[in-house]
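A.B. asks: Sharing a structure, written as structure tokens. Questions coming.
Just so it is clear, none of the values below were taken in a lab; they were calculated from the coordinates. Note that this is a predicted model, so its numbers are computed, not measured. Every residue, glycine as well, gets a Cβ built from its backbone with ideal geometry; the counts of neighbours run over all protein chains shown.
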Amino acid sequence: MEITFPPTFLWGTATAAHQVEGGNVYNDTWAMEHATGSAFVESSGDACDHYHRYREDIALLADLGFTLYRFSLEWSRIEPEEGEFSLAQLDHYRRMLATCHEHGIIPMVTFHHFTSPCWLAASGGWEAQDTPEKFARFCERAMAHLGDLIPLACTLNEVNGGPLIKAIAGEIMGSMRKAPWFEAAARSVGSDASRFVPMMFADSERGRETTLAAHRRAVEAIKAGRGKCEVGLTLAMQDIQAGPGGEEMAAQMRRELLDVYLEGTRGDDFIGVQTYSRQRFGPAGPLGPEEGVERTQMDYEFWPEALEAAIRYASAMTGMPVIVTENGIATDDDTRRIAYIERALRGVAACLRDGIDVRGYTYWSALDNFEWLLGYRPTFGLIAVNRHTQERTVKPSARRLGSIARAHGF
Ligand code: BGC
């Protein structure tokens, strides 16, 4: 074997509640999907019906050789109205956690993955001063019911996602906030566009302060809960590179999009690195994909080496253990997925050889799923899902990654 990993290394794959569960009708994203003229190309609908099929899905992941499954709690199911907690829904997640343990899979729970209850988004959402407190109360309640079964937790997913999109694509989200469909979505939950702030739209300074404060409060709440749980934040960490003359701009982007968030993780147990590609900057801003470089279904450059750079950066900045909580590719050519994974893993192995404490690699995603505004078109999954029958088909990439996991290398 040319590339080897320590026997304790975790081999994971991930999903997020709204992208796979189906029928998440009480959150802000459902409201946006269903507004007249919505920029979402379709509704999440039944998604992958993972809410009912999690047992088979988790068993399949274990059979394939995975040892970690990252999934998220849907806050809007657990607290559909402010202060009203559903024991039945908490029990559902307890069963999911127990299923992971039964199959020898370590569950990694994300407490917030982009979607929020309508009531939260309607009253200022991720720019409101009292949101961190409300989020901490949810974490506390969830930990009281589930904590003994949660060994690894991520507080919030990619709190720097909005600012990253703004830096790369300009005011795309800002102009959506001014569109009639956004106002319609806000009105459908009894709010208006100025007070309706879903996570993906919280790209202001106020948004950054709110999400980082929410992270800190959540770490405290999770740590104080039942069980012994390691907690971290996950960040969108593209490899920010300088094109010709772009050194200063790239350094500024690293400061604004990465460093301020990495500093906010001080005292955590690990940092969750989520990398898909590189991003080049020139003196005036983003340069976009380089001519001649292969593109993925997301129009990202096929650049698996970005992961190694992101791990090195996160580790150098924080000194904390790293877990790769997302890395993957949207493609309908599974041979390119295999090539992407193997090249990315070579980078992880190089980091390990240099003594960097990387604890695990999590591929995004377990299943082809609901890719937010783009609906079901991009296919990131290791497992295909028939949109009419919900039938699962294991792709060769799933078998390949599973066998690498079993062999601790390739
Ligand atoms: C998000 C996922 C998303 C993936 C692929 C990450 O930014 O956490 O929810 O599906 O990227 O775009």
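A.B. asks: Using 7 Å Cα-to-Cβ label points, what is the A350/R255 separation (nm, one decimal)?
C.D. replies: 2.8
A.B. asks: Could you list the residues of segment 86-122 with an amide nitrogen less than 20 Å from a label point located 7 Å from the Cα of R195 in the Cα-to-C-beta direction?
C.D. replies: Within reach of a label on R195: 116-122.
A.B. asks: In addition: For the chain, give the magnitude of the charge dipole about the Cα centre (Cβ charges: +1 Lys/Arg, -1 Asp/Glu; no others), in debye to the nearest 20.
C.D. replies: Values: 41 positive and 56 negative charges, 130 e Å.
Roughly 620 debye, rounded to the nearest 20.
A.B. asks: Sticking with this structure for a sec: Treat the count of other C-beta atoms within 10 Å as a stand-in for reagent exposure and order C100, C48, C229, C118 from fewest to most.
C.D. replies: Values: C100 23, C48 29, C229 19, C118 26.
Taking fewest neighbouring Cβ atoms as first place, the list is C229, C100, C118, C48.
A.B. asks: For segment 150-308, what is the charge dipole size about the Cα centre, in debye to the nearest 20, if Lys and Arg each add +1 at the Cβ and Asp and Glu each add -1 at the Cβ? Kindly include the intermediate steps, with their values, before the conclusion.
C.D. replies: Details: 18 positive and 24 negative charges, 178 e Å.
Computed charge dipole of segment 150-308: roughly 860 debye.
A.B. asks: Roughly how many Å is it from the Cα centre of segment 94-154 to that of segment 296-318, as a whole number?
C.D. replies: 27
A.B. asks: Another question, if that's okay. If amide H atoms are built 1.01 Å from N in the plane of the peptide, which residues on other chains or at least 5 residues away come under 5 Å of the amide H of R359?
C.D. replies: Those lying under 5 Å, H to H, from R359 are V322, I323, V324.
A.B. asks: For segment 154-204, which chymotrypsin sites (Phe, Trp or Tyr not before Pro) are in a loop by DSSP, counting at most 13 other Cβ atoms within 10 Å? Before the final figure, lay out the partial values.
C.D. replies: Values: sites: W181, F182, F196, F201; in loops: F196.
Counting only loop positions with at most 13 other Cβ atoms within 10 Å, none of the chymotrypsin sites (Phe, Trp or Tyr not before Pro) in segment 154-204 qualifies.
A.B. asks: If you stretched the chain out fully between M317 and E205, how much longer would it get, using 0.36 nm times the residue separation minus the C-alpha to C-alpha distance? It would help to have the intermediate numbers written out before the result.
C.D. replies: Numbers: separation 112, 0.36 × 112 = 40.32 nm, distance 2.15 nm.
Length difference between fully extended and current span is 38.2 nm.
A.B. asks: Only Cα pairs within less than 10 Å get springs; with that Gaussian network setup on the chain, which residue of E308, E230, E205 has the largest fluctuation?
C.D. replies: In this elastic network of the chain, the residue with the biggest mean-square fluctuation among E308, E230, E205 is E205.
A.B. asks: Also, I was wondering about something else. So for segment 54-204: antiparallel DSSP bridges make up what percent, rounded to the nearest 5? Don't skip to the end; give the middle numbers.
C.D. replies: On the way: 1 of 10 bridges.
Antiparallel bridges make up about 10 percent of those DSSP assigns within segment 54-204.
A.B. asks: Bin by bin, in steps of 5 Å, what percent of the Cα pairs in segment 196-319 do you find, going until the bin that has the longest distance?
C.D. replies: 2, 10, 17, 19, 20, 15, 9, 5, 2, 1, 0
A.B. asks: Right, here's the next one. Which one of H112, H145, H215 has the biggest mean-square fluctuation once the chain is modelled by GNM with Cα springs under 10 Å?
C.D. replies: Sorting by GNM fluctuation, first place goes to H145.
A.B. asks: In terms of modelled amide H atoms, which long-range or inter-chain residues lie less than 5 Å from the amide H of G282?
C.D. replies: HN-HN under 5 Å from G282: G243, L287.
A.B. asks: Once the Cα gyration tensor of segment 31-128 is diagonalised, what are the square roots of 5 times its eigenvalues, in whole Å and ordered largest first, as equivalent ellipsoid semi-axes?
C.D. replies: Numbers: eigenvalues 159, 60, 28 Å².
They are 28, 17, 12 Å, listed largest first.
A.B. asks: How long are the semi-axes of the ellipsoid equivalent to the chain, from square roots of 5 times the Cα gyration tensor eigenvalues, in whole Å, largest first? Mind dumping the intermediate values first?
C.D. replies: Numbers: eigenvalues 162, 135, 95 Å².
Result for the chain: semi-axes of 28, 26, 22 Å.
A.B. asks: Hey, which aspartates and glutamates would be in cross-link range of K134, C-alpha to C-alpha under 14 Å, not counting anything within fewer than 8 residues on its own chain?
C.D. replies: Correct list for K134: E79, E81, E82, E84, E220.
A.B. asks: Among L307, I222, G45, which residue has its Cα furthest toward the positive end of the charge dipole of the chain, with +1 on Lys/Arg Cβ and -1 on Asp/Glu Cβ?
C.D. replies: Result: I222, furthest along the dipole toward the positive end.
A.B. asks: Would you list which lysines come within 24 Å of K178, measuring only between C-alpha atoms, while excluding same-chain residues fewer than 8 positions from it?
C.D. replies: Within the straight-line cut-off, K178 pairs with K166.
A.B. asks: Please arrange F40, F66 by counting, for each residue, the other beta carbons lying within 10 Å of its beta carbon, fewest first. Walk me through the intermediate numbers first.
C.D. replies: Values: F40 19, F66 27.
In increasing order of surrounding Cβ atoms, one gets F40, F66.
A.B. asks: Further question on the same structure: Work out the length of the dipole vector of segment 1-72 about its Cα centre, built from +1 on the beta-carbon of each Lys and Arg and -1 on the beta-carbon of each Asp and Glu, and round it to the nearest 20 debye. Intermediate results must be reported in sequence, preceding the final value.
C.D. replies: Details: 3 positive and 10 negative charges, 42 e Å.
Roughly 200 debye, rounded to the nearest 20.
A.B. asks: Another question about this same structure. In the chain, if the dipole is taken from +1 on Lys/Arg beta carbons and -1 on Asp/Glu beta carbons about the Cα centre, which of A59, N386, T131 is farthest to the positive end?
C.D. replies: A59
A.B. asks: May I ask for the net charge around K395, where only other residues with Cβ less than 11 Å from the Cβ of K395 are counted and Lys, Arg are +1 while Asp, Glu are -1?
C.D. replies: Working: positive: R337, R392, R399, R400; negative: D332, D333, D334, D368.
That works out to 0.
A.B. asks: Taking other Cβ within 10 Å of each residue's Cβ, how do T393, T99 sort, fewest first? Don't jump to the answer; show the numbers that get you there.
C.D. replies: Values: T393 11, T99 19.
Going from sparsest to densest Cβ surroundings: T393, T99.
A.B. asks: Answer with one residue from P198, A213, A186: the one whose Cα lies farthest towards the positive end of the charge dipole of segment 182-229, charges on Cβ with Lys, Arg +1 and Asp, Glu -1.
C.D. replies: Checking the options against the dipole of segment 182-229, the answer is A213.
A.B. asks: Using 1/(1 + (r/R0)^6) with R0 = 45 angstrom and r between the beta carbons of A144 and H408, what's the FRET efficiency to the nearest 0.05?
C.D. replies: Values: r = 37 Å, r/R0 = 0.82.
The formula returns an efficiency of 0.75 here.
A.B. asks: Based on DSSP, what percent of beta bridges with both residues in the chain are antiparallel, to the nearest 5? Let's see the in-between values first.
C.D. replies: On the way: 9 of 48 bridges.
Close to 20 percent.
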